[in-house]
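All remarks here apply to the structure that follows.
The values are calculated or read from the model by the stated rules, or taken from the named source; none is laboratory data. Bear in mind that the values here come from a model prediction, so they are computed numbers and not experimental data. All Cβ positions, glycine included, derive from the backbone under ideal geometry; neighbour counts span all protein chains shown.
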Amino acid sequence: MSSVAFVKCFIITAFIKIFMTENVLSKSVHHVAKRETAVSTEELDKLVKSTLLQMHLTYDLDPLDTMTLSCKTQAMVKALEMFPFAEYRWLHNSKSLKLQPTRMVYKLERLTINNLIPQDSGSYHCVVEIEPNKQFVVAIYSAVIGIQEQSVAKEQILKLDCRSQEFGKLFPKAVRYWIGPNGKRLYEKPASEHVESIPNADERLAGMWTCYTEDVDVPRKWKTARLKIVVGTPQSKFQKTLKLAKAHKPETLAILMSIVFIIFVMCQMLIGLIEKKEKRMKDEVEKIQNVLNFRDEHKSGTDSGSETNNGNEEDDDSESDSSDVETPLVKARKV
């Protein structure tokens, strides 16, 4: 029995050692792989920055032209070599590009857009995602297509969108500025602040506006927007209210629901008051009817009593009359 117990103990000890050895090996392999991934990511990050510093691609095209953008840069090729399962996609003005099959062709890392329209203006960048929440921009472009018209009512806020936010993320020292209708350089700010709000719009703002994004470290600039501003007549109070409601949909919905609830409560209260008033009037009518019925019954009883008395009096009179008539006859008979 002791030898059997010894063998069992030996086998259990061997299994424990094997398990611990495998666990240590797996942890070491995991740490090595993680360290290699970190090194690879650092190398890729340096290559991406170097590639972007050398890129300066900007287009100024007419409507109905064709534009082809390539995602196949040195950084992207290296990323796919290091991470074969990496995915890449295109973004337009920092939003996922919605492919339109009738105009757009996406094939072999190339994006071709046919029949361009002014709404295609802005920034395009290709993103490679090597793992969840870990991605790199490997190519960036800017494009201006024709002239995009924008209307604003007089005395309202004019918002000019330069579409420069992605350049601001990649190049922290980049700035954006507008060339106004008077040809002057206006509203220079960091590229990350892509929207310029100008209050109290008037006729002086009408005309052509072009936005440029400029990298200070590496002298280069991209044209990202060209707008024709049309200043219209002032809005009415109703139009202002409608515009404000559209701009604040959740708040407007909450206010409308509150108004509907208040109206519902007031209607219920009004209905309750009307029902109480009707009930009170009904009770009063019933009381009046009861009083009238009592008076009618009393009057009918009085009339019947008077008629009985009159009948008795008439009988008495007839009897008296008959007695008066019969007396002489009686007297004659007696004689």
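Descriptive notes on the structure:
- Inter-residue pairs, beta-carbon under 9 Å, first without any contact (Cβ under 8 Å) to a residue 40 or more places away in the chain and farther than 30 Å from residue 57 by Cα and in the range 218-236, second buried (at least 19 other Cβ atoms within 10 Å of the Cβ) and small (Gly, Ala, Ser), 6+ apart: none
- Cβ-Cβ under 8 Å pairs, at least 6 apart or on other chains, the range 254-265 side modelled with pLDDT of 90 or more, far side assigned to a helix (DSSP H, G or I): none
- From the options 124, 88, residue that is hydroxyl-bearing (Ser, Thr, Tyr) and within 28 Å of residue 207 (Cβ to Cβ): 124
- Test: residue in the range 162-175 that is closer than 20 Å to residue 231 by Cα, outside any strand (DSSP E or B) and touching a residue at least 60 places away in the same chain (Cβ under 8 Å): yes
- 2 or more residues under 27 Å from residue 195 (Cβ atoms): qualifying strands (runs of 3 or more DSSP E) within the range 42-133: 58-61, 67-70, 87-92, 110-113, 122-131
- The condition of being under 32 Å from the mean Cα position of the chain (by Cα), of a type in the set (Val, Ile, Thr) and either assigned by TED's automatic domain parsing to the domain that holds residue 51 or under 27 Å from residue 117 (Cβ atoms) (or both) holds for only one of 179, 145, that being 145.
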